[in-house]
Amino acid sequence: MPVCTLCLVKLRENYDPSVFIHALTADNSSSLSIFLACEFRRWIIVPTEISTDLLKINWDLVLLYEGKGPLVDSVSVMIEEVWRVEVGVPSRILKDFPAKNHTLLHPPSHGPNSVPPLTGSLERNQPTSSAQDLELSQELQEWIAQFAKGRGGGPVTMLNLLAFKEGKKEQYLQYGQAFAESVGSRRGGTAKIVGTVVSPAITNAHVGAQKEWDEVAFAHYPTITHFADMIASEDYQAANHKYRLPALRDTFIMCTTDLDIPNRESNALAKL
């Protein structure tokens, strides 16, 4: 199983995420292959036991790249903080991933891969006091409404870090099945990358004493409103409360938006 690195990046002041990604891909001394580059938007669920120091930092970027190790030296001057874990991702998921992700981000207007309609669950929602159980709170609903207006309703990618209670992973897999077959897919939700954490967390130069997270999942939604439609629904909450919540020791979810990843051929031509 290929090993990738999940990396959270806090940029130094005055550095833009898009400029950072361009510099990262333009470094001809590196063969770094980036599968995902996403801009951090907000916490949906915060960790309560593991990696809680992450909450002290205003992250800018989420990266998933091939192989182990830190980012190339040429971009280190732009970085203030970094947090990373190594993740085993099945080859079948990574095969042709850039093309598959492009289709998710730019869906056709008609056909089976087009954006599905909302189900109406937002109109029936009774807001909760907190979103920590992946339910739609009043505060989250208001943020989603503002965010959707500001971004024009584009796709979002939710980064999930998961730590399972002992013996409960199989139960969580039942949640994953429900997400893929009905409660997520009917709103255009899809788990585009899922992998197993294989290392302790590394913060700047500090390596954690032991591996604490179990799994990483990147979930795609056609819009932030489709995500809200899902977590406001009765069918989703039935699966959430039956399978997901009882299986988790800790978790966090970050809302992000995908950035364009320049390819090396384009960068080379730009220098001519």
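The values are calculated or read from the model by the stated rules, or taken from the named source; none is laboratory data. Please read all numbers here as calculations on a predicted model, not as lab measurements. When we count neighbours, we look across all protein chains shown, and the Cβ atoms used for this are built from the backbone with ideal geometry, even at glycine.
Looking at (1) within 17 Å of the chain's Cα centre (by Cα); (2) assigned to a helix (DSSP H, G or I); (3) more than 21 Å from PRO98 (Cα to Cα), which one does ALA180 not meet, given that it meets all the others?
It fails just one condition, (3).
Return the residues of the range 55-83 that are over 15 Å from the mean Cα position of the chain (by Cα) and within 30 Å of ASN240 (Cα to Cα); say none if nothing qualifies.
Within the range 55-83, LEU55, LYS56, ILE57, ASN58 meet the criteria.
Would you confirm, using the coordinates I've provided, whether PHE97 is aromatic (Phe, Trp, Tyr) and more than 24 Å from VAL194 (Cβ to Cβ)?
For PHE97, the condition - aromatic (Phe, Trp, Tyr) and more than 24 Å from VAL194 (Cβ to Cβ) - is not met.
Of all residues in the range 214-235, how many are of a type outside the set (Gly, Ala, Ser), part of a loop (DSSP other than H, G, I, E, B) and farther than 26 Å from VAL87 by Cα?
1
Scan the range 28-48 and tell me whether some residue there is within 16 Å of the chain's Cα centre (by Cα), within 28 Å of LEU248 (Cα to Cα) and not in a strand (DSSP E or B).
The answer is yes, given that some residue of the range 28-48 is within 16 Å of the chain's Cα centre (by Cα), within 28 Å of LEU248 (Cα to Cα) and not in a strand (DSSP E or B).
Check off (1) within 27 Å of ALA238 (Cβ to Cβ); (2) touching a helix residue (DSSP H, G or I) at 6+ places or on another chain (Cβ under 9 Å); (3) touching a residue at least 40 places away in the same chain (Cβ under 8 Å) for THR128 and give me the number that stays unchecked.
If we test THR128 against (1) within 27 Å of ALA238 (Cβ to Cβ); (2) touching a helix residue (DSSP H, G or I) at 6+ places or on another chain (Cβ under 9 Å); (3) touching a residue at least 40 places away in the same chain (Cβ under 8 Å), just (3) comes out false.
Just need a number here: residues in the range 243-272 that are in contact with a helix residue (DSSP H, G or I) (Cβ under 8 Å, 6 or more places away or on another chain) and at pLDDT 95 or above.
So the answer is 10.
Assess whether LEU118 counts as being in contact with a helix residue (DSSP H, G or I) (Cβ under 7 Å, 6 or more places away or on another chain), at negative phi and at pLDDT 95 or above.
For LEU118, the condition - in contact with a helix residue (DSSP H, G or I) (Cβ under 7 Å, 6 or more places away or on another chain), at negative phi and at pLDDT 95 or above - is met.
Residue pairs, Cβ under 6 Å, 6 or more apart or interchain, first in the range 52-78 and over 25 Å from GLU215 (Cβ atoms), second modelled with pLDDT under 95 and crowded, with 19+ Cβ neighbours inside 10 Å. List them.
Pairs that qualify, where the first residue is over 25 Å from GLU215 (Cβ atoms) and the partner is modelled with pLDDT under 95 and crowded, with 19+ Cβ neighbours inside 10 Å, are VAL75/LEU24.
How about the range 234-262: which of its residues are polar (S, T, N, Q) and touching a Leu at 6+ places or on another chain (Cβ under 9 Å)?
Those that are polar (S, T, N, Q) and touching a Leu at 6+ places or on another chain (Cβ under 9 Å): GLN237, ASN240, THR251, THR256.
Select from the range 160-177 the residues that are within 19 Å of ALA232 (Cα to Cα) and either in a strand (DSSP E or B) or among the β-branched types (Val, Ile, Thr) (or both) and list them in ascending order.
Listed by number, the list holds a single entry, ASN160.
Does any residue of the range 76-87 turn out to be assigned to a helix (DSSP H, G or I) and of a type in the set (Lys, Arg)?
No: the range 76-87 contains no residue that is assigned to a helix (DSSP H, G or I) and of a type in the set (Lys, Arg).
Across the range 140-159, which residue is farthest from ILE45 (Cα to Cα) among those that are touching a Leu at 6+ places or on another chain (Cβ under 9 Å) and not in a helix (DSSP H, G or I)?
Here the residue is GLY154.
Answer yes or no as to whether PRO112 is of a type outside the set (Gly, Ala, Ser) and loosely packed, with under 13 Cβ neighbours inside 10 Å.
yes
Could you list all residues from the range 185-213 that are buried (at least 20 other Cβ atoms within 10 Å of the Cβ) and either in contact with a Pro (Cβ under 9 Å, 6 or more places away or on another chain) or in a loop (DSSP other than H, G, I, E, B) (or both)?
ARG187, GLY188, GLY189, GLY195, ALA201, TRP213
Hey, among ASP250, ASP235, ASP258, which residue is among the acidic types (Asp, Glu), closer than 23 Å to GLN132 by Cα and buried (at least 19 other Cβ atoms within 10 Å of the Cβ)?
ASP250
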